[in-house]
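This report concerns only the one structure given below.
The values are calculated or read from the model by the stated rules, or taken from the named source; none is laboratory data. Keep in mind the model is a prediction, meaning the values are calculated, not measured. Neighbour counts run over all protein chains shown; Cβ positions are idealised from the backbone, glycine included. Note: areas computed on protein heavy atoms with side chains; ligands, DNA, RNA excluded. Shrake-Rupley method; radii C 1.70, N 1.55, O 1.52, S 1.80 Å.
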Amino acid sequence: MSLFAPLVFPSGLVVRNRAFLAPLTNKQSHADGSLGDDELHWMCSRAEGGFGLVETCAAHVTLDGQNWPGQLGVFDDNLLPGLKRLSAAIRERGPASIFQLFHAGGRSDPAITGVMPWGPSEADGVRAATEDDLHRIIDAFANAAVRAQAAGFDGVEVHAGHGYLFTAFLSATVNRRHDAWGGPLEHRARLLLDSVRAIRARVDRGFTVGVRLSPEDWGRARGLDLDESLRVAAWLAAEGVDFIHLSLWQALANSTKYPDTHPLTLFRRTVPPPVPILAAGSIWTLDEAEAVLALGADAVALGRAAIANPDWARRASDPDWLPRRPPLTIEELRASGLNQTFAEYMRSFAGFVAD
Ligand SMILES: Cc1cc2nc3c(=O)[nH]c(=O)nc-3n(C[C@H](O)[C@H](O)[C@H](O)COP(=O)(O)O)c2cc1C
């Protein structure tokens, strides 16, 4: 499959190619969660880069779910003017837009939120969620999706990867509850499935709804099992999601649990073919992107390659073009559309910023 072939989602959304901008936290918005000009500028620069679809950063659906200073929010209607500016600016530049919905769960930063973080079970500095918390959060995800639709985005992606709220509930080790939200996988997946069902019930069928998963343990995502993740993906497809996005970090690597098998082979067998599968992780070249498609992905999402190369998707088909690779200097990052804060944040990704 060519990276430059269009892709159609079950929602009816058509995108012009299969190179997407991954969701990237960039800390360039205002302390009150409203869109900052630097975040707008950054997203515009990537929307001009030829990508078929761009995803926004993880945006918190409630104030207590914030994880970073300068994070874009989607928790209140008073944020709509900024969100409308963002979606319109992306649309003018050609790509489709997916807004990422997020709650940090036990990883929320109390220094920012002013409240104690909560997750499935009590842990150091984290309280166990009450029933009220969980019903409130399902409603907040649905409200946020409605808001993203009203703002003019083409769809939303529920961030259920990387150890935040939904991953913690899915986890067999972090989630130690014995009620309807913990124990067997059906219970651990309930928060995610109920949230997706609530979103689907409140937005139009033509509005694209997807979910991002970490299929196996990686970094702070712990207690995940590939076979369980496959079951969750199948349940999500049955709930009517328009795509599954796998955060793999190494998109060409086989699975940890089954070292002879690539996770995409298993997900493609499990998720019905009309539901596209997106994959992200260390994709730098056209050959790598097309190798990931050959493994069963329908589209690839680029993070660091798109930070280093604003117009990656426009230039990747040129056989003489070599993408710029890290380390990049802060000045180079500034010149490619990142503000000082975002450029400095890239230091937390080993080897990315030149000293
Ligand atoms: C600076 C930065 C910010 C990120 N922010 C998010 C985010 O907001 N939501 C998310 O799901 N993943 C986030 N990720 C993960 C990326 O979307 C992507 O999956 C990961 O970087 C691997 O792809 P890459 O090797 O192309 O960078 C972030 C990654 C980076 C480098």
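Worth pointing out:
- Residue within the stretch 4-17 that is outside any loop (DSSP other than H, G, I, E, B) and not aliphatic (A, V, I, L, M) present: no
- The set of residues in the stretch 203-232 being in contact with a Lys or Arg (Cβ under 8 Å, 6 or more places away or on another chain) and either within 21 Å of ALA150 (Cβ to Cβ) or assigned to a loop (DSSP other than H, G, I, E, B) (or both) consists of VAL209, GLU216, ARG220, ASP225.
- Considering only residues in the stretch 16-27 that are open to solvent by 10 Å² or more (accessible area, probe 1.4 Å) and within 17 Å of the chain's Cα centre (by Cα), the one that is farthest from the ligand (Cβ to nearest atom) turns out to be ARG18.
- Residue count for the stretch 45-104, restricted to those that are in a helix (DSSP H, G or I), of a type in the set (D, E, K, R) and open to solvent by 30 Å² or more (accessible area, probe 1.4 Å): 5
- Condition met for TRP312 (of a type in the set (Phe, Trp, Tyr) and more than 22 Å from the chain's Cα centre (by Cα)): no
- Selected residue [in contact with a helix residue (DSSP H, G or I) (Cβ under 6 Å, 6 or more places away or on another chain), within 10 Å of the ligand (Cβ to nearest atom), of a type in the set (A, V, I, L, M) and at pLDDT 95 or above] from VAL353, VAL300: VAL300
- Among the residues of the stretch 105-116, those that are assigned to a loop (DSSP other than H, G, I, E, B) and within 21 Å of the chain's Cα centre (by Cα) comprise SER108, ASP109.
- Every listed requirement among (1) within 16 Å of the ligand (Cβ to nearest atom); (2) over 21 Å from the mean Cα position of the chain (by Cα) is met by ASP179 save one, (1).
- Scanning the stretch 203-216 for residues that are surrounded by fewer than 18 Cβ atoms within 10 Å (Cβ to Cβ) and touching a Gly at 6+ places or on another chain (Cβ under 9 Å), we see that the one that is farthest from ASP139 (Cα to Cα) is GLY206.
- Conditions (1) touching a residue at least 60 places away in the same chain (Cβ under 8 Å); (2) closer than 30 Å to VAL271 by Cβ; number of the one not met by PHE349: (1)
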